[in-house]
Structures are given as C-alpha cells and as structure tokens.
1. Measure nothing but the geometry: give the 0 to 90° angle between the long axis through the Cα atoms of 118-134 and the longest principal axis through the Cα atoms of the chain, rounded to 10°.
2. Relative to the Cα centre, what is the charge dipole magnitude of the range 13-169, using +1 at the beta carbon of each Lys and Arg, -1 at the beta carbon of each Asp and Glu, and rounding to the nearest 20 debye?
3. If you average the sequence gap of Cα pairs under 8 Å that are 6 or more apart and divide by the length of the chain, what percent do you get for the contact order?
4. Can you tell me the order of 140-149, 16-25 when each peptide is scored by its average per-residue count of other Cβ atoms within 10 angstrom, highest first?
5. Quick one: if you stick a label point 7 Å off each Cα along the C-beta vector at Arg145 and Gln99, how many nm between them?
Amino acid sequence: MVHYRRAHVPGGTYFFTVALGDRACDTLIRHIDALRSAFHCVHEARPWRTDAIVVLPDHLHVLWTLPDGDDHYPGRWRAIKSQFVQRLRFRGEPVAVNQRGECRVWQRRYWEHVIRDADDLARHVDYIHINPVKHGLVRRTSEWRWSSFRRYVERGLVAEDWATEPTECDGFGE
C-alpha cells in the first residue's frame, strides 16, 4: 500500500480539491444543504477559517486557514465526508459500498497544497473562483451560486464582472 506524505504546517493555509467517486454525478450541488450541514457540524467541533470555496457538481475546491498550532486537516476531511454520507443515507439516497465496506461516495484521497505566500494565495483564490467558468457550468463567475466569489465582490476585493470570458481561464491549472 502506498503511504502518502501530507504536508503539515500548524496554523497554515491549505488549498484542497476533494472529489466524489463518481465524477459524472451532481450529488454535491443536489445535496448542497447536507454538505453545508456536514461542514458546519465539523467546523463547530474543530474550527478553521474558510478563505475561499467553490462547490461544483462532483468536486469542490477550498482554501482553509487552520488555527495556530493546529495542522490536523485529515481528521476534518474524514469527518466532513462521513457526515455527508450519513446525511445522504438518512435521506434514503443509495450509497454504494466497496468490498472493504467503505462508502464509494467520495474518492478515497484528496489533493492538498500548502499556500506559500500572498501570490500563491491569490492564484489559488482566482483558480477557485474561475472553476465554474472553466468547467463550462456558467459564462460568468458571478452566475455560480455555490462559491465565495460573491463575498469577494461584496467586500470590494474583486469586480463583479471579473473573469467573464472563457479565454480568461487560461493560466489557471488544475
């Protein structure tokens, strides 16, 4: 078995990509309230600051800053994934299980990246907010309602018409 080495920086800011096992489904936005509830429940027990987020039909990107001295994001993700699955089951949604008895709602792994500096942070915030345009879900960033983009507009950090053309997606890698 491969043992993944994760970067752990106490109090660090991290970029995450977390995906569903079935990348062709829309479970995250169809059950956005269950996802929000799972996030809220885990956040109450183990706080962090969400700096930016976008939820797409089959995956999400998020920037978290953990409290000083805290680097335990794997436990938070494990709890969020578990809580979300519990909420799906409660609603009567079919939850496939593999031969090990593990739910196949989520991909087993996720991508994490430690934010190094202000430029790295800005590039990841932009990447998060452009993602719905990049995936062809909307033409304008402001049209996607499951994103922190509107908060950035309200705070005057970005113009509402930012990244409204598909060509503006160039330079944002995944």
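Rule-based calculations on the coordinates, nothing more; no lab input. Nothing here was measured: the structure is a model prediction, and the numbers come from that model. Because the Cβ atoms are built from the backbone with ideal geometry, glycine has one as well, and the counts that use them run over all protein chains shown.
1. 80 degrees
2. Numbers: 24 positive and 22 negative charges, 159 e Å.
So the dipole magnitude of the range 13-169 works out to roughly 760 debye.
3. On the way: 247 pairs, mean separation 46.5, N = 174.
Reported relative contact order: 27 percent.
4. Packing proxy ranking, top to bottom: 140-149, 16-25.
5. Distance between label points: 4.3 nm.
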